[in-house]
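A quick write-up on the structure given underneath.
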Amino acid sequence: MEIMSYKKNVNKILISFSFHALFNFSFVFFSYLFLKPKDFSYLTGLFIFEGLLTFFDLTIYNYVIKYLSALKRYDDKQKLISFFFVKLLIFSLLFLLFNLTFVKFFYWDKILINEVSIFYRINLSFFLTLIISLIVIFRILINYLRVILIGNFKQELFSNIQIVSAITKIVIFFLFINNSRTIESILFAYLFGLIIEFLIYIKFSNKIIKFKLNLKKEYPKFPSYIILFAITTILIFNIDRIFLSYHLIPNEIGKYNFFRVMLSFFFIISISYYYNLFPDISRINSLKKIIKNKIYINFKSLNIILIFILLNIILFSENYLIDFKINNFLDVGNINVLKILTVAMYFNIIGVILYSFQVGVFFLKIPAFINLFLIFISIPFFIIFYKADDSTNVAIIHLFLNIFWFFLNLFFLNKNFKKIFSRDLVIFFIKNFFINFVVLLVILLFLYFLIYNLSKILFYLSIFFCFLYCMKISQRILNKYV
């Protein structure tokens, strides 16, 4: 029963995040397609502030999941939920005021001198400041409602809500851009969809979330290194983009960031594993054998999907561009940058297995210092090897940062948690990677040389069904979960 429930939760969350990613992809892709380069650049402010979502995920939200999953009494759960909800409301108010004063004056007013919003016939600086602030606030609150459901082991309900809300947001988005393709209408459609999503979460989770204002109970303090861990994690995975913002021509920055945003959608695969693995580790962190088996099975299941995606992008990116005529409507630039970033993405995503354990047991001090070390040693390499009109070298440095990040964390986990991250488990990680890599490489090359020249349609259908089969094998592996 536990096996089937676990497999069902992973499958359902994976499907729900696929719908969530479809909305995000539609938003980014069609914004890039319909807006002029100048207007699309205004979304940079949104992408920067969305880094706050990652910060909350790494700090408050992981804390809430960890302790909600461990608490037994209903009242204690509701008090914990209410305590942080009040804090988030206070933060939201301060964040809005900060944007309407400081950010508007020092950022939007400087780049949008006297420009007027077509959509509302008001100052565009004020409009963008207000709507982007509200978008970020609603996303923070929605994510909080999500983690409450996950911390209460309501993954299936959370998945159902996310599927419904994602479909609703997609419909709203396309209704708006069908009538008006401006930066104002696109951002307003985004905000309106988030408001509907927030109301859907409140409606369908009202039996689980009952806010209690009696907050006398004291809660365990944050681990001393959790904020440092969160900040350094955000920096290490974004230091390439921060550096590029100051050193590359705008056109090259746009192409590089477009690749990064597109690849980030593959994180939906790892999220479905993380949101099942992390609460379990938080709840039963004293049962080392069970945790080791869970990490073993989750890595094996996730790895086969990621290897298939990795090989497809490395082997067939040029074919996709030519056969689907992508270059006719999108300027994607140097495709080698995409391939390099894809390899980096693999180590970043597979590292979620390590990350779920580190946060689950609050082993954060060493990972935070690993992040700091890698950030500092990367800066001279960025300065020495960057080229103003080519982001390839920056992508290569980003790749090596991700590789070193993964293996350094694995080394210290082995050193500090030998009964879980044993030598045998580390060897298994490496062997499983190479076995999957070789087997899938042979299969994909065989399909290419056998079918591609005969029928491209048949070839791409074969690739699609191979992906579905890999997904099936991946989920079948979860049947061995114990």
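Every number here is computed from the coordinates shown, using simple stated rules; none is lab data. Nothing here was measured: the structure is a model prediction, and the numbers come from that model. FYI the Cβ positions are ideal-geometry reconstructions off the backbone, even for glycines, and counts take in every protein chain you see.
Data table
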{"read-out": "Order of MET345, MET262 under a 10 Å beta carbon neighbour criterion, fewest first", "value": "MET262, MET345"}
{"read-out": "Calculated FRET efficiency for the pair TYR74/ASN319, C-beta based, R₀ 60 Å, to 0.05", "value": "0.60"}
{"read-out": "Loop-located trypsin sites (Lys or Arg not before Pro) in segment 308-408 whose Cβ has at most 16 other Cβ within 10 Å (DSSP)", "value": "LYS325"}
{"read-out": "Distance (nanometres) between label positions extended 7 Å along Cα→Cβ at PHE126 and ASN206", "value": "3.6 nm"}
{"read-out": "Cross-link table LYS12/LYS154; LYS12/LYS77; LYS365/LYS415; LYS418/LYS472; LYS339/LYS365; LYS12/LYS294, entries beyond 23 Å C-alpha to C-alpha", "value": "LYS12/LYS77; LYS418/LYS472; LYS339/LYS365"}
{"read-out": "Farthest toward positive dipole pole in segment 227-482 [+1 Lys/Arg, -1 Asp/Glu at C-beta], among ILE314, TYR469, ILE353", "value": "ILE353"}
